[in-house]
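Participant: Structure below; questions to follow.
The values are calculated or read from the model by the stated rules, or taken from the named source; none is laboratory data. Treat the numbers as computed from the prediction; the structure is a model and nothing was measured. Neighbour counts run over all protein chains shown; Cβ positions are idealised from the backbone, glycine included. Side chains included, ligands, DNA and RNA excluded: accessible areas come from the protein's heavy atoms. Shrake-Rupley method; radii C 1.70, N 1.55, O 1.52, S 1.80 Å.
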Amino acid sequence: MPVDPQIQALLDLRAKLPPLHTLSVEDARVQMAAREIPGLRKPDVATVVNRDMQGPGGSLPLRIYTPRGDGPFPLMVFFHGSGFVVCDLDTHDGMCRNLCAGADCVVVSVDYRLAPEHKFPAAPDDCLAATRWVAQNASALRGDAGRIMVAGDSAGGNLAAVTALRARDEGGPQLIGQLLIYPVTDYYLPGTPSMMENAEGFGLTREGMIWFWNHYVRSPADAVRPHASPLRAPTLAGLPQALVMTAEYDPLRDEGEYYAEALNKDGVPVEMKRWNGMNHGFFFFPGIVDKATEANDEACLWARRVFGN
């Protein structure tokens, strides 16, 4: 189907900005910094608290969203996207508020170390450490250590998938689900049909992905390791059930869908939903883009089912 008119309006605004891959890292971070967007759905939650934990590389900032009610609540450890290079807790504040309120869970958003200052595997190391911290501190978070899910969008979806792999292989914690929103699951070479079909004109570009990967890894040899490209893991058997959401006009569409197929092949319960007419990043816009509102609500309903809410 054609690009959704609400998405096209956003793309027209974005077209006035220089492509990320033409910018310095500092300028790209400025361009991608959090901004107030009129009409964006940002539900109230009971509390939002910033704190730090001791991570593998030092102090690791977290933002903890707690829903209204008494608890104990299920727990979602959330990893923000944007190529392992840009974005932060603030850019994904609205997304975390929607997940907290909609799924009735505590959301712990992780400000993992960014590349190129901190190359792979700094980010996945931080994400695994944060997930273990959440499990160990569940009661203090008014959470239930038996109901922990990982989640993320784009590069954060990659980190959620990798954290699930590492938790399986490296002694836990036990996870019950993984919410993967248009995830990065493989290196850009040799590439997929959607990486070429949607190479430019839809926000995220193929050149942008090359720029991100070149900042994230030290070499192509790192990029094809399963903890960087989880689609290349020898087996996905034994991973927690998953919801994989993809977008029709996204360079990453196929690798997300290939990952869902690989999970299914290895016996992992998985639901996969392609959002037609949408582009990479559409999940940011509930309240502005109708299908983004619907996608947020569907993700929260799936999470509630997995949590047993």
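Participant: Please get the size of the charge dipole for the chain, origin at its Cα centre, with Cβ charges of +1 on Lys and Arg and -1 on Asp and Glu, quoted in debye to the nearest 20.
Facilitator: Numbers: 28 positive and 37 negative charges, 111 e Å.
The dipole of the chain has a size of about 540 debye.
Participant: Which of the aspartates and glutamates could a cross-linker bridge to Lys119, judged by Cα under 12 Å and excluding same-chain residues fewer than eight apart?
Facilitator: Here the aspartates and glutamates satisfying the reach criterion relative to Lys119 are Asp222.
Participant: For the chain, what's the relative contact order in percent, using C-alpha pairs closer than 8 Å and at least 6 residues apart? Let's see the in-between values first.
Facilitator: On the way: 653 pairs, mean separation 58.0, N = 309.
It comes to 19 percent, rounded to a whole number.
Participant: Which residue fluctuates most in the GNM of the chain (Cα springs below 10 Å): Leu40, Leu179, Leu20?
Facilitator: Leu40
Participant: Just need log10 I(q)/I(0) for the chain at q = 0.07, 0.11 Å⁻¹, Debye formula, equal scatterers on the alpha-carbon atoms, no solvent, rounded to two decimals.
Facilitator: Normalising to I(0) and taking log10 leaves -0.23, -0.59.
Participant: When the helix-only estimate is applied to the chain (DSSP H runs of n ≥ 4, each -39,500 (n - 2.57), divided by the residue count), what is the mean residue ellipticity at 222 nm, nearest 500 deg cm²/dmol? Can you show the working numbers first?
Facilitator: Working: 10 runs with 109 residues, N = 309.
Rounded to the nearest 500, it is -10500 deg cm²/dmol.
Participant: What is the sum of charges, Lys and Arg at +1 and Asp and Glu at -1, for the other residues whose Cβ falls under 14 Å from the Cβ of Asp290? Spell out each step's value before the answer.
Facilitator: Numbers: positive: Arg41, Lys291; negative: Asp4, Glu294, Asp297, Glu298.
Value of the local net charge: -2.
Participant: Going by average Cβ density within 10 Å per residue, which order do the peptides 58-64, 238-244 take, highest to lowest? Don't skip to the end; give the middle numbers.
Facilitator: Working: 58-64: 16.7, 238-244: 21.1.
Taking the mean over residues of other Cβ atoms within 10 Å, the ranking is 238-244, 58-64.
Participant: Right, here's the next one. Summing +1 for each Lys or Arg and -1 for each Asp or Glu, what net charge is found among the other residues whose Cβ lies under 11 Å from the Cβ of Asp186?
Facilitator: Working: positive: Arg232; negative: Asp254, Glu255.
Residues close to Asp186 contribute a combined charge of -1.
Participant: Could you tell me the extents of segment 85-124's C-alpha atoms along the three principal axes, largest first, rounded to whole Å?
Facilitator: Computed over the Cα atoms, the extents are 34, 17, 8 Å.
Participant: Here's another thing I want to ask about it. Considering the options Gly203, Ala15, Val217, tell which one lies farthest towards the positive end of the dipole of the chain, charges being +1 on Lys and Arg and -1 on Asp and Glu at the Cβ, about the Cα centre.
Facilitator: Result: Val217.
Participant: State in Å² the accessible area per residue of the chain; use a 1.4 Å probe, count heavy atoms of protein chains only, and round to the nearest integer. Display every interim value, and only then the final one.
Facilitator: On the way: 12140 Å² over 309 residues.
For the chain, the solvent-accessible area averages 39 Å² per residue.
Participant: Long-range amide H contacts for Gly81: which residues qualify at under 5 Å (H placed 1.01 Å from N, peptide plane, sequence gap of 5 or more or a different chain)?
Facilitator: Here the answer is Asp153, Gly156, since their amide H atoms fall under 5 Å of that of Gly81.
Participant: Something else about it: Express in % the proportion of alpha carbon pairs of segment 1-120 at distances exceeding 18 Å.
Facilitator: In whole percent, the long-distance tail amounts to 61.
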